[in-house]
Amino acid sequence: MDYAYKFPVVRGKQAGREYFIAMVPLKMLSKIFPNEDEYVLPEYRAQRKLNEARIPVISRYITENRDSYVFSALAASIDGEYEFHESKDGMGTGVLEISMDARFLINDGQHRKAAILDAINEDVSLGNETISVVFYEDLGLARSQQIFTDLNKHAVKTSNSISELYDSRDELAVVNRTVVTNVGFLSEYTDKEKDNLGKFSSKLFTLNTFYMANKKIVGNMELADDAEEFMIRFWSVVSENILQWKELTNHEISKVDLRENYIVTQGVVIQSFGVIGSYFYKNRKEDMEKYLMNLKKIDWKRSASQWKLRVIRADGKIIPSNRAINLTAIEIKKEIGLGLTDEEKIKEKQFINSINV
């Protein structure tokens with residue numbers, strides 16, 4: 001038998017079946033994993049169809065983090081003959097020889113593979129680096145589809161909050177963590193792992209909510225050297241002037257009451273503060289403290305008429321949309337004495353016309 005591939009591997013066993021782990025040079029991926037499977041009907045494929053939009057995102061991750069990118073193993077089935085030659089130490093290491101007629105079917109990792117090949121086109125030196133590949137014996141299409149299902153069925157996507165908590169490459173994520181940590185009320189009541197909080201959660205906000213709000217503050221601008229200092233000051237002044245937050249700190253109101261009867265812990269409203277913060281971020285000469293002191297005068301009750309259909313539906317539920325964020329920010333601007341931009345005046349007029357129809 002002619003063998004086209006020889007991989008140094010470690011042999012393992014799961015569910016009574018052998019599998020092998022090899023370190024495969026990235027430049028070999030195009031040779032051993034063909035793409036023709038992508039165009040077959042779903043029921044005849046070993047996994048989902050390639051999503052082309054994901055490839056440049058992952059590829060850019062590699063090239064922009066050339067010295068620190070990391071990938072988990074690919075999983076593949078060997079459809080063909082192979083032999084494992086164990087080394088003399090008998091510790092499960094050896095050489096896996098695979099027939100030149102064999103086919104390799106990716107069970108997990110097709111987007112990683114495609115992105116790696118795309119990245120190699122930009123940086124050929126990547127070709128000499130390796131990725132671990134777990135090889136299983138192919139036992140037919142049904143088994144390959146089951147492997148794909150088993151590998152992905154119990155995978156849980158990390159929350160945005162915990163991703164931002166651990167991300168050291170995203171400059172805004174790093175600044176956001178520092179801001180939340182350094183503003184007392186936010187630090188105490190922000191959950192740094194979850195994206196969704198239960199009715200009786202001990203926290204009021206998520207880290208991701210403040211990330212999105214701070215993203216609105218800086219917009220498309222690069223972070224200024226004093227961006228972190230500005231955000232700490234901004235959120236400190238905001239927290240000092242929300243009466244219900246003060247009442248919670250003084251045990252005059254419960255978290256449940258605050259969540260159910262007021263809007264000032266809602267993500268939409270926190271992001272609308274980000275819109276307000278953006279104005280002061282761009283206009284540093286304005287007396288931010290003077291304007292934000294007027295937050296104390298705002299009626300934040302869900303039942304307050306100014307929020308109806310702006311951020312509160314007719315049934316009393318929050319409207320989770322970008323339009324609601326902007327309309328809420330407009331109302332806050334009006335109530336604290338800030339002028340509206342021409343664009344905001346148009347949006348406000350359209351809103352007033354829509355509710356008066």
Would you please name the residue that is surrounded by the most Cβ atoms within 10 Å (Cβ to Cβ), looking only at residues in region 275-303 that are closer than 24 Å to residue 262 by Cβ and of a type in the set (S, T, N, Q)? 278
Within region 105-116, does at least one residue satisfy the condition of being modelled with pLDDT of 90 or more, of a type in the set (Val, Ile, Thr) and not in a loop (DSSP other than H, G, I, E, B)? yes
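Inside region 117-136, can you point out the residues that are in a strand (DSSP E or B) and not small (Gly, Ala, Ser)?
Kept after step one, since they are in a strand (DSSP E or B), are these residues of region 117-136: 130-136.
Residues satisfying the conditions are 130, 131, 133, 134, 135, 136.
Rundown of residues vs (1) surrounded by fewer than 16 Cβ atoms within 10 Å (Cβ to Cβ); (2) within 20 Å of the chain's Cα centre (by Cα); (3) assigned to a helix (DSSP H, G or I), yes/no style:
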residue: 162; (1), (2), (3): no, yes, yes
residue: 169; (1), (2), (3): yes, yes, no
residue: 194; (1), (2), (3): no, yes, no
residue: 209; (1), (2), (3): no, yes, yes
residue: 217; (1), (2), (3): no, yes, yes
Matching residues, region 239-274, being free of Cβ contacts under 8 Å to residues at least 40 places away in the same chain and among the β-branched types (Val, Ile, Thr): 253, 264
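Evaluate region 67-85: report whether one residue or more is of a type in the set (Asp, Glu), within 39 Å of the chain's Cα centre (by Cα) and surrounded by fewer than 16 Cβ atoms within 10 Å (Cβ to Cβ).
Quick first cut of region 67-85, residues of a type in the set (Asp, Glu) only: 67, 79, 81, 83.
If we keep only those that are within 39 Å of the chain's Cα centre (by Cα) too, we end up with 67, 79.
Next, only the ones that are surrounded by fewer than 16 Cβ atoms within 10 Å (Cβ to Cβ) stay: 67.
Yes, that holds for at least one residue.
Can you go through 236, 201 and tell me which one is in a helix (DSSP H, G or I), without any contact (Cβ under 8 Å) to a residue 60 or more places away in the chain and either within 21 Å of residue 290 (Cα to Cα) or out of contact with any helix residue (DSSP H, G or I) (no Cβ under 6 Å at 6 or more places or on another chain) (or both)?
Values: 201 fails: in a helix (DSSP H, G or I).
That would be 236, the only listed residue that is in a helix (DSSP H, G or I), without any contact (Cβ under 8 Å) to a residue 60 or more places away in the chain and either within 21 Å of residue 290 (Cα to Cα) or out of contact with any helix residue (DSSP H, G or I) (no Cβ under 6 Å at 6 or more places or on another chain) (or both).
The values are calculated or read from the model by the stated rules, or taken from the named source; none is laboratory data. Because the structure is predicted, anything quoted here is derived from the model rather than measured. Neighbour counts are summed over all protein chains in view; Cβ atoms, including those assigned to glycine, are modelled from backbone coordinates with ideal geometry.
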